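**Q** Take a look at the following structure, please.
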Amino acid sequence: MNSKKFYALAFGFLLSLGALFAQNPTDSIPKNPADTIRVGKTLYENSCVRCHSLKAPNEYTAQEWPEITNRMQPKARITDQQKTIILRYLLADAKK
């Protein structure tokens, strides 16, 4: 991907996050579950792929994902709120 396209996508992503979070400035996790899942998927794809290939949410169970996200949070340099949003995305389709 060329750098102009990357920066354009990153800018668009940041604008969409800003629009979601501006709806309720006291709570940075979107109120609408569908928005949380969408934002979580985007955060997951953009944060985790920097170091390794992405795992599908259904590759791990709802019991396994919290430990994985806790372990990976410092490496991915994501905030607690970002981790919570990513985890909600992963748990929505975790292995049963």
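The values are calculated or read from the model by the stated rules, or taken from the named source; none is laboratory data. Keep in mind that what you see is a predicted model, and the values were worked out from it rather than measured. In this analysis, Cβ positions are derived from the backbone assuming ideal geometry, glycine residues included, and neighbour counts consider all displayed protein chains.
**Q** Considering only the stretch 46-53, I want to know if a residue exists there that is surrounded by 10 or more Cβ atoms within 10 Å (Cβ to Cβ), at pLDDT below 85 and of a type outside the set (A, V, I, L, M).
**A** no
**Q** Additional query: Which condition number does residue 29 fail, the rest of (1) part of a loop (DSSP other than H, G, I, E, B); (2) at pLDDT 95 or above being met?
**A** The number of the failed condition is (2).
**Q** Could you check the stretch 62-94 and list, in sequence order, the residues that are more than 17 Å from residue 40 (Cβ to Cβ) and surrounded by 11 or more Cβ atoms within 10 Å (Cβ to Cβ)?
**A** Selection gives 75 alone.
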